[in-house]
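**Student:** Once you've had a glance at the structure underneath, I'll fire off some questions.
The values are calculated or read from the model by the stated rules, or taken from the named source; none is laboratory data. Note that this is a predicted model, so its numbers are computed, not measured. No Cβ is skipped: glycine too gets one built from the backbone with ideal geometry, and neighbour counts run over all protein chains shown. Please note that ligands, DNA and RNA were not included when accessible areas were found on the heavy atoms of the full protein model with its side chains. Shrake-Rupley method; radii C 1.70, N 1.55, O 1.52, S 1.80 Å.
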Amino acid sequence: MQSDRRMHETWRSFRVAAWLGWQIESNWADPFVFAIYSLVKPLAGALILVFMYAVIAKGGVDSPLFPAVFVGNAMFIYVPAVLAGISWTIIDDREHYGMLKYVYTAPVSVFAYLIGRGVAKAAVATVVVVVTLLLGTVALRVPITLAGINGPLVVGALVSGCVMLSLFGILLGGVTLVTARHNYGVGEAVAGSLYLLCGVVFPLDTLPSWLGGVGRGIPITYWVEALRRALLGAGTPAFDGLSDGALLGVILGSTAVLAGLAVGTFRLAERRARARGLLDMQTMY
Amino acid sequence: MNGRSGWTTFWRTVCGRAYPRVIGAQREKSWVFFEIFLPLLQVTAYVFIYRAIQAPPEFLGFVVLGGAMSAYWLNVLWSMASQLYWEKETGNLELYIVAPTSRMAILLGMALGGMFQTTLRAAAIITIGSLLFRVPMTATNVPVLLGVFLTTLVALYGLGMMLSSLFLFLGREASHFSELLQEPVSLVSGFYFPVRALGQVVAAAASALPITLGLDAMRQLLFPSMMENLRFLSAEVELAILAGSAAVFLFLAHRALAFFEKLARREGRLTVRGQ
């Protein structure tokens with residue numbers, strides 16, 4: 001009975017937060033303008049890579065490295081969207097709207113609420129990823145074909161990846177709860193570091209060996225690699241020794257570890273924030 | 001207010017508005033760190049792309065220079081263009097409006113303070129980037145290089161002053177608009193590759209943004225042999241265009257401020273928050 005009530009409360013928190021997130025995300029403009037704003041930035045980011053290749057690489061975008069780089073960059077759109085999106089909710093609700101304290105006084109599951117708020121950004125990211133991949137396939141000859149896509153691997157990697165990124169977001173949200181004024185940089189710094197360390201836009205072996213080692217310790221590296229294999233049929237040579245199943249195993253295993261770490265860290269940060277009166281902190285930054 | 005005390009107030013306002021950026025911004029150590037670290041992350045990722053495709057070492061220099069100049073562009077977007085919007089949100093804008101001083105002096109103070117603040121960060125990015133990636137940089141004509149750099153900054157911050165008036169009129173779309181102007185401008189201005197790669201027409205259109213020509217000219221003066229076949233226009237021509245656009249942007253900033261302030265007053269937008 002109690003577990004039923006808790007499930008109901010969790011689902012309601014998630015649903016309402018997702019709707020609220022979508023309204024905040026999109027209702028400042030009409031749908032057409034919103035679509036343009038959402039698409040232009042990531043597409044421009046992808047085109048920067050295209051021109052860097054066009055200027056230098058032998059064969060330009062026909063270089064054998066390009067498809068893996070393009071797909072890696074496209075899929076990475078999810079990372080800042082989900083990860084920074086969830087942690088940003090803490091800043092937005094606490095500092096901008098002054099609503100975080102009310103979330104805590106309402107019968108709301110905070111985790112469901114935070115993940116729900118991230119859903120809107122993930123939905124927009126999904127559209128952007130699809131448009132970016134279509135651009136690559138149609139205009140840049142990135143070899144993605146419907147017949148060649150490994151459906152189960154795409155679904156498995158996407159679902160487990162979104163759970164993993166949400167947990168990263170909650171971990172970061174915990175850090176954000178107990179910090180002031182550094183908030184704006186933290187999400188971007190983490191996303192930027194992951195972009196560099198996870199070999200998203202170059203083979204991991206290009207990094208100095210110690211940095212490459214750090215990259216191999218981050219589950220997002222394996223997630224990007226799994227999606228490359230699922231969409232292109234081949235990944236990068238750095239992970240030739242790992243089967244598709246092994247890649248998924250690494251993602252699922254690290255997600256399980258991350259779940260404990262993220263929930264534990266968030267609860268700890270929450271207790272600290274309550275004790276120090278940080279839940280309604282207004283730094284005016 | 002007589003002429004002399006008018007000028008005194010003007011310059012005191014400039015100094016007063018520049019102070020938080022010249023002194024205050026250095027006190028928040030985490031911000032200093034992030035403002036250097038974030039562009040460096042981007043620079044490092046792009047350096048490794050060029051390394052992966054075996055680009056000549058000069059291209060690493062293009063990226064480092066682009067990364068340093070991107071710090072100015074981000075400062076113009078987030079600390080110039082969006083500033084009056086933030087002031088409106090935090091309730092400071094009313095104080096600016098009722099203060100017995102020129103709004104141009106406030107914008108000028110923001111610009112000068114921003115230039116100083118960002119120059120410290122850009123210098124750190126260039127120094128760390130050049131040492132880390134062993135970039136072969138040789139300045140062929142230091143006075144012209146300095147002239148191009150300073151003229152680019154004047155034109156760029158003139159554009160920022162003009163945009164800040166426009167942002168006075170915006171609501172929640174302000175931050176989205178600033179976000180929108182990040183990557184697309186990095187693309188069309190050739191922050192990480194020579195702008196000529198985009199073709200003459202796009203490069204000519206992108207020249208409306210001072211940072212496009214500034215970057216191209218600085219690259220020519222720092223990497224002359226590599227840029228011989230990659231330049232868009234000659235550095236001297238680009239310097240002349242930059243000087244012209246600096247004057248135009250400063251003039252437009254003055255006019256835009258008066259126009260948008262009047263419009264925002266009439267539509268009651270100066271004190272509306274959370275819109």
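**Student:** Decide, for the range A:1-44, between rounded, prolate and oblate: order the square roots of the alpha carbon gyration tensor eigenvalues as a ≥ b ≥ c, take rounded if a/c falls under 1.5, and otherwise choose prolate if a/b is larger than b/c, else oblate.
**Tutor:** Prolate is the answer for the range A:1-44, as a/c is 1.5 or above and a/b outweighs b/c.
**Student:** Okay, next question. Name the lysines eligible as straight-distance cross-link partners of A:Lys121: C-alpha to C-alpha under 28 Å, and not fewer than 8 places from it in the same chain.
**Tutor:** Counting by Cα, and skipping residues close in sequence, A:Lys121 has these lysines nearby: A:Lys41, A:Lys101, B:Lys88.
**Student:** When the accessible area of the range A:67-110 is computed with all protein chains present and a 1.4 Å probe, what percentage of it is carbon and sulfur?
**Tutor:** Within the range A:67-110, the accessible surface is 70 percent carbon and sulfur.
**Student:** Roughly what angle does helix A:66-75 make with the longest principal axis of chain A, taking Cα atoms, 0 to 90 degrees, to the nearest 10?
**Tutor:** Computed tilt is about 10 degrees.
**Student:** Can you tell me the Rg and Dmax of the range B:47-177, counting just the alpha carbons, in angstroms?
**Tutor:** When restricted to the Cα atoms of the range B:47-177, Rg and Dmax are 18.1, 59 Å.
**Student:** Averaged across the residues of A:190-203, what count of C-beta atoms belonging to other chains lies within 10 Å of each residue's C-beta?
**Tutor:** The per-residue average across the peptide is 4.
**Student:** Now, a different point. For the pair B:Leu150/A:Ala147, report the inter-label distance in nm, with labels modelled 7 Å from Cα in the Cβ direction.
**Tutor:** It is 6.6 nm.
**Student:** When the Debye formula is applied to the Cα atoms of the range A:2-275, each taken as the same point scatterer, what base-10 log of I(q)/I(0) results at q = 0.11, 0.12 Å⁻¹?
**Tutor:** -0.66, -0.78
**Student:** So how do A:197-207, B:155-165, A:270-280 stack up, highest first, on mean other-Cβ count within 10 Å?
**Tutor:** Highest-to-lowest ranking by the protection proxy: B:155-165, A:197-207, A:270-280.
**Student:** Only Cα pairs within less than 10 Å get springs; with that Gaussian network setup on chain B, which residue of B:Val237, B:Val144, B:Val63 has the largest fluctuation?
**Tutor:** Comparing B:Val237, B:Val144, B:Val63 in the GNM, the peak value goes to B:Val237.
**Student:** Does anyone have the angle between helix B:235-266 and the longest principal axis of chain B? Alpha-carbon axes, 0 to 90°, nearest 10?
**Tutor:** Tilt relative to chain B: about 30 degrees.
**Student:** Then there is this: Hey, can you find the accessible area per residue of the range A:2-275 for me, probe 1.4 Å, expressed in square angstrom?
**Tutor:** Dividing the accessible area of the range A:2-275 by its residue count gives 42 Å².
**Student:** Let me ask another. Taking θ = phi - 60°, what integer Hz values does the Karplus form 6.51 cos²θ - 1.76 cosθ + 1.60 yield along the range B:17-30, in sequence order, with x for Gly and Pro?
**Tutor:** The phi angles translate into 7, 6, 3, x, 8, 6, 9, x, 5, 7, 6, 8, 4, 5 Hz.
**Student:** Work out how much length A:Phe32 to A:Arg6 would gain on full extension: take 0.36 nm times their residue separation and subtract the Cα-Cα distance, in nm to one decimal.
**Tutor:** Separation in residues times 0.36 nm, less the Cα-Cα distance, equals 5.5 nm.
**Student:** Select from the range A:173-246 those trypsin sites (Lys or Arg not before Pro) which occupy a DSSP coil region and have at most 16 other Cβ atoms within 10 Å, ordered by residue number.
**Tutor:** A:Arg181
**Student:** Could you give the longest part of chain B that holds none of the trypsin sites (Lys or Arg not before Pro) found in DSSP loops with at most 15 neighbouring Cβ atoms within 10 Å?
**Tutor:** Longest run free of exposed loop sites: B:1-133.
**Student:** Normalised by the number of residues in the range A:172-249, what is the relative contact order in percent for Cα pairs under 8 Å and 6+ residues apart?
**Tutor:** Reported as a whole number, the value is 22 percent.
**Student:** Angle between the Cα long axis of helix A:110-139 and the longest principal axis of chain A, 0 to 90 degrees, nearest 10?
**Tutor:** 20 degrees
**Student:** Ignoring ligands, DNA and RNA, how much accessible area is buried between chains A and B, both sides summed, with a 1.4 Å probe, to the nearest 100 Å²?
**Tutor:** For chain A against chain B, roughly 3500 Å² becomes buried.
**Student:** Could you tell me the convex hull volume per residue, in Å³, taken over the Cα atoms of the protein assembly as shown?
**Tutor:** About 165 Å³ per residue, rounded to a whole number.
**Student:** Oh, and also: What are the ³J(HN,Hα) values, in whole Hz, obtained from phi via the Karplus relation 6.51 cos²θ - 1.76 cosθ + 1.60 with θ = phi - 60°, for each residue of the range B:140-155 in sequence order, with x given for Gly and Pro?
**Tutor:** Ordered by residue, 3J(HN,Hα) equals 7, 9, 4, x, 5, 4, 5, x, 4, 4, 5, 5, 4, 4, 4, 5 Hz.
**Student:** Ok, one more. Carbon and sulfur atoms: what percent of the 1.4 Å accessible area of the range B:200-250 do they account for?
**Tutor:** 70 percent
**Student:** Any chance you could list P(r) for the range B:3-266, counting all Cα-Cα pairs in 5 angstrom bins from zero, rounded to whole %?
**Tutor:** Bins of 5 Å from zero give 1, 6, 12, 17, 19, 16, 12, 8, 5, 2, 1, 0, 0 percent of pairs.
**Student:** Would you list B:Glu236, B:Glu179 from the most to the least accessible area, probe 1.4 Å?
**Tutor:** These residues rank, largest area first, as B:Glu236, B:Glu179.
**Student:** Kindly write out, for the range A:19-35 in residue order, the coupling ³J(HN,Hα) from the Karplus curve 6.51 cos²θ - 1.76 cosθ + 1.60 (θ = phi - 60°), rounded to whole Hz, with x marking Gly and Pro.
**Tutor:** Karplus-based 3J(HN,Hα) across the range A:19-35 equals 5, 4, x, 5, 4, 4, 5, 10, 7, 8, 8, 6, x, 5, 4, 4, 4 Hz.
**Student:** Using the alpha-carbon centroid of each, what span in Å lies between the range B:186-249 and the range A:187-220?
**Tutor:** With the range B:186-249 and the range A:187-220 each reduced to a Cα centre, they are spaced 32 Å.
**Student:** Per residue, how large is the accessible surface of the range B:3-266? Use a 1.4 angstrom probe and give square angstrom.
**Tutor:** Accessible area per residue, the range B:3-266: 40 Å².
**Student:** Let me ask something else about it. Return a whole-number percent for the relative contact order of chain B, with Cα pairs under 8 Å and 6 or more residues apart as the contact set.
**Tutor:** Relative contact order here is 27 percent.
**Student:** Just want to confirm a number: the relative contact order over the range A:2-275, from Cα pairs under 8 angstrom separated by 6+ residues, in percent.
**Tutor:** Once divided by the residue count of the range A:2-275, the mean separation gives 26 percent.
**Student:** Please give the residues of the range B:157-196, grouped as numeric ranges, whose backbone N is less than 18 Å from a label point set 7 Å along the Cα-to-Cβ vector of B:Leu263.
**Tutor:** B:159-178
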